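Student: Quick one: this structure, given as structure tokens, is what I'll be asking you about.
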Amino acid sequence: ETGVTQTPRHLVMGMTNKKSLKCEQHLGHNAMYWYKQSAKKPLELMFVYNFKEQTENNSVPSRFSPECPNSSHLFLHLHTLQPEDSALYLCASSDPTTSAYNEQFFGPGTRLTVL
Amino acid sequence: DQQVKQNSPSLSVQEGRISILNCDYTNSMFDYFLWYKKYPAEGPTFLISISSIKDKNEDGRFTVFLNKSAKHLSLHIVPSQPGDSAVYFCAARDMNRDDKIIFGKGTRLHILP
């Protein structure tokens, strides 16, 4: 596997379910990100992890819980979501220490539908 | 408050002509600007960037222009090709946060045959 992978690619869940999104990067990067893309909205940054430490929580509701066990893996744990949380969730990685403009490499995303 | 604005949700251009995608920003602390391209069912991919100390950067068919006084940048694609049909995101980096990028809403580009 190369680049940034995300599983699952599609997820349908009820409001009382608990599920997790997984992201893995094979690029040797030290920063990883979760973004949310809703229709007609900008890509919304949710969380940033830099060297496994969370450096950004962009006022994300607690029903979204990130986990970064090592610099290659990032999880987003989902619990009691709302229908308005339905969106495309994108993971990205980068190396801010070597890339002057912090070019980010994105995974294909997980299309989440909350019923 | 949107710091990076792409006011045109979509744009249609004839194949072979020039495509111009525009982006405005409000934060004077942005030091790098990036353009990403996104196809359906794929994540965005990096296209081209420009530093705030430059006013132009060219890479093949793609050129980005930066007007700092107007807080405006544009992406020119010439000649436009069918494979250029995608959503284009403008993004910017805050010089105080090297690990954070702010994205615009995106502009959907349709290249017409």
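The values are calculated or read from the model by the stated rules, or taken from the named source; none is laboratory data. The model shown is predicted, which means the values in this text are computed figures rather than measured ones. Note that each Cβ is placed from the backbone with ideal geometry, even for glycine, and that neighbours are counted across all protein chains shown. With ligands, DNA and RNA removed, areas are computed over all heavy atoms of the protein, side chains included. Shrake-Rupley method; radii C 1.70, N 1.55, O 1.52, S 1.80 Å.
Student: With respect to A:Val60, determine if the residue is farther than 30 Å from B:Ile53 by Cα and crowded, with 17+ Cβ neighbours inside 10 Å.
Tutor: Yes.
Student: When you look at B:Arg17, is it more than 12 Å from chain A (Cβ to nearest Cβ) and either open to solvent by less than 60 Å² (accessible area, probe 1.4 Å) or in a loop (DSSP other than H, G, I, E, B) (or both), yes or no?
Tutor: Spelling it out, B:Arg17 is indeed more than 12 Å from chain A (Cβ to nearest Cβ) and either open to solvent by less than 60 Å² (accessible area, probe 1.4 Å) or in a loop (DSSP other than H, G, I, E, B) (or both).
Student: Looking at the range B:93-113 only, could you name the residues that are more than 30 Å from B:Val13 (Cα to Cα), charged (D, E, K, R) and in contact (Cβ under 8 Å) with a residue 60 or more places away in the chain?
Tutor: Across the range B:93-113, the qualifying residue is only B:Asp94.
Student: What is the one condition in (1) surrounded by 14 or more Cβ atoms within 10 Å (Cβ to Cβ); (2) within 14 Å of chain A (Cβ to nearest Cβ) that B:Lys71 does not satisfy?
Tutor: With (1) surrounded by 14 or more Cβ atoms within 10 Å (Cβ to Cβ); (2) within 14 Å of chain A (Cβ to nearest Cβ) applied to B:Lys71, the lone miss is (2).
Student: Hey, B:Tyr32 hits all of (1) in contact (Cβ under 8 Å) with a residue 60 or more places away in the chain; (2) within 11 Å of another protein chain (Cβ to nearest Cβ); (3) part of a loop (DSSP other than H, G, I, E, B) but one; which does it fall short on?
Tutor: If we test B:Tyr32 against (1) in contact (Cβ under 8 Å) with a residue 60 or more places away in the chain; (2) within 11 Å of another protein chain (Cβ to nearest Cβ); (3) part of a loop (DSSP other than H, G, I, E, B), just (3) comes out false.
Student: Filter the range B:35-45 down to residues that are touching a strand residue (DSSP E or B) at 6+ places or on another chain (Cβ under 6 Å) and open to solvent by 50 Å² or more (accessible area, probe 1.4 Å) and give me whichever is nearest to the other protein chains (Cβ to nearest Cβ).
Tutor: B:Thr45
Student: Which one is farthest from A:His29 (Cα to Cα), of the residues in the range A:90-112 that are at the interface with chain B (Cβ under 7 Å from one of its Cβ atoms) and aromatic (Phe, Trp, Tyr)?
Tutor: This residue is A:Tyr101.
Student: Quick one: which strands (runs of 3 or more DSSP E) lie wholly within the range A:7-52 and hold at least 3 residues that are touching a residue at least 60 places away in the same chain (Cβ under 8 Å) and open to solvent by 20 Å² or more (accessible area, probe 1.4 Å)?
Tutor: A:10-13
Student: Return yes when A:Ser38 is farther than 17 Å from B:Gly43 by Cα, of a type in the set (Ser, Thr, Tyr) and out of contact with any helix residue (DSSP H, G or I) (no Cβ under 6 Å at 6 or more places or on another chain) and no when it is not.
Tutor: no
Student: In addition: What are the residues in the range A:38-52 that are of a type in the set (S, T, N, Q) and facing chain B (nearest Cβ under 9 Å), if any?
Tutor: Across the range A:38-52, the qualifying residue is only A:Asn50.
Student: Now for a separate question. With the condition kept exactly as written, say whether any residue in the range B:53-60 is in contact with a His (Cβ under 8 Å, 6 or more places away or on another chain) and open to solvent by 60 Å² or more (accessible area, probe 1.4 Å).
Tutor: No, the range B:53-60 has no match at all.
Student: Let me ask something additional. Looking at (1) within 14 Å of chain A (Cβ to nearest Cβ); (2) surrounded by fewer than 17 Cβ atoms within 10 Å (Cβ to Cβ); (3) without any contact (Cβ under 8 Å) to a residue 24 or more places away in the chain; (4) not charged (D, E, K, R), find the lone condition where B:Thr26 falls short.
Tutor: (3)
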